[in-house]
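Presented below is the structure to which this report refers.
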Amino acid sequence: VRTELEPIELEDGAAVPKEFANPTDDTFMVEDAVEAIGFGKFQWKLSVITGLAWASNYAMEMMILSILAPQLHCEWRLPSWQVALLTSVVFVGMMSSSTLWGNISDQYGRKTGLKISVLWTLYYGILSGFAPVYSWILVLRGLVGFGIGGVPQSVTLYAEFLPMKARAKCILLIEVFWAIGTVFEVLLAVLVMPTLGWRWLLILSALPLLLFAVLCFWLPESARYDVLSGNQEKAIATLKRIATENGAPMPLGKLIISRQEDRGKMRDLFTPHFRWTTLLLWFIWFSNAFSYYGLVLLTTEFFQAGDVCSISSRRKEVKAKCSLTCEYLTEEDYTDLLWTTLSEFPGVLVTLWIIDRIGRKKTMALSFFVFSICSLLLFLCVGRNVLTVLLFIARAFISGGFQAAYVYTPEVYPTATRALGLGTCSGMARVGALITPFIAQVMLESSVYLTLVVYSGCCLLAAVASCFLPIETKGRGLQESSHREWGQEMVGRGSHSPGVTRSNSGSQE
């Protein structure tokens, strides 16, 4: 490994604290530079652009599913299984592409993968507004889902520019942009659907992606990726740009470069050091999406029935209705969608408060546990008000757990496999989202209690899996390489500073 290290000279600059420039050999790594430069104007701009990708490419395109399905059900007289398939095909596209986008981002750069996925989603999002028949919109929405699968790579790029202290808080605040995107989509639907119809809604919902595509030209490539791919001059130029925008000094000395040609390889996720972590994370992400989207589906069923105990009798009445009966979304329905979305804000605030206090693993475990308890309490024949409180608490915590997973996953993998690791986890989440309609809708018809047991049991197992994760990333710098000698990004770089936590990734096993 040491024969692959290459020192790169930097131009003379301002003085820098000793913890970021070793007084003996004057060397530093990208992690040292990111910590020395700190959080400033550059990261604020990056936060807005990443949030825009999250809101326009993810939240709006996902929220539109709950608006488009009932509209096409009525307008095209679609049977219920075709309406459900319209939603499932988006998750199929996301599941099939998540690993691919992660591989592209590790092989060719985070910015490259993100730009291609955004342009892909923009093109097919607009095109789906011109679909003449059901089969066309089914294929086109599946292709939109294929593009949405690349959105998590914006988190990879974002995390690699954030200093350690700000990383968890900033990634968690992306959930705010998710809520903004969903609220904006509902308000857009209120304005567009009564007059222009669903085709214009699809087209207008894709246009914010055009703004992000333009802003992508401002985005730099990850300095960590450039270092790993051997493009040291570009990495230094990026770090200097960030230091200039933030008004902070660059570290002095030599940038240590690790040349590692094999990037984005699936086998790297199953090395002895990461095998157990990868398997546990796959189950955690699966459980998160399975429970989150399941709760969204169950909420409508429970609210319509009034309480859990009334669902069976209500089902019998529904079966007696004409199969072609349909109802367009009303203003009250849109109001309920807004309230459901706003219920996620408390989850973000709670997660934001505890994630740096108790750690990432315990935060995920707590989120799953609270969701499981709330699911079991639904067994009681509670009134409408208590039902609403339990559902909102459950959704707040499961959404907060989702964001904790988004913080933990980029932190635990090294730069060479970070995008692929996040991509495969996102793919497993889509598997959970694909399965959950069969539990929350099909199984619910036969037994509401068995349905709740499935969700509660799954989250209890996920809570245990979170506790058994072998690495806690709280207070740990992002790894540049998977080699043990390289797992010392924040170790031995001079005297320790109270504001900087240093840890050896080799000791995290």
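Rule-based calculations on the coordinates, nothing more; no lab input. Predicted model, so just to flag it, every value in this text is computed and none were measured. All Cβ positions, glycine included, derive from the backbone under ideal geometry; neighbour counts span all protein chains shown.
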Using the Karplus equation 6.51 cos²θ - 1.76 cosθ + 1.60 (θ = phi - 60°), what ³J(HN,Hα) coupling, rounded to whole Hz, does each residue of segment 108-124 give in order, writing x for Gly and Pro? 10, x, 5, 5, 4, x, 5, 4, 5, 5, 5, 5, 4, 5, 4, 5, 6
In nm, to one decimal, how far is the modelled label at Val190 from the one at Leu211, with both set 7 Å along Cα→Cβ? 1.9
Other-chain or far-sequence residues with amide H under 5 Å of Lys474's (modelled H): Arg360
³J(HN,Hα) across segment 85-100 via Karplus (A = 6.51, B = -1.76, C = 1.60, θ = phi - 60°), whole Hz, x for Gly/Pro? 5, 5, 7, 5, 5, 5, 5, 4, x, 5, 5, 6, 9, 4, 5, 4
Just grab the label-to-label distance for Leu376 and Lys234, each label 7 Å out from Cα along the Cβ direction, in nm (one decimal). 5.3
Protection proxy ranking, peptides 443-456, 415-428, 266-279, 350-363, average beta carbon neighbours within 10 Å, highest first: 415-428, 350-363, 443-456, 266-279
Ranked highest first by average number of other Cβ atoms within 10 Å, how do 49-60, 168-179 line up? 49-60, 168-179
For Gly40, other-chain or 5+-apart residues with amide H closer than 5 Å (H placed, Pro excluded) are none
Could you pull out every residue, at least 5 positions away or on a different chain, whose amide H is within less than 5 Å of the one on Thr27? Hs are placed 1.01 Å off N in the peptide plane, and Pro or chain starts have none. Asn22, Lys254
Karplus couplings for segment 451-458 from phi (6.51 cos²θ - 1.76 cosθ + 1.60, θ = phi - 60°), rounded to Hz, Gly and Pro as x? 4, 5, 5, 4, 5, 5, x, 4
Pop a pseudo-label 7 angstrom from the Cα along the beta-carbon direction at both Tyr134 and Asn246 and give the gap in nm to one decimal. 5.4
Given a Förster distance of 35 Å, the FRET efficiency implied by the Cβ-Cβ spacing of Lys165 and Ala84, rounded to the nearest 0.05, works out to 0.20
Compute the Kirkwood hydrodynamic radius of segment 175-261, taking the inverse of the mean of 1/r over all pairs of distinct Cα atoms, and give it in Å to one decimal. 16.7
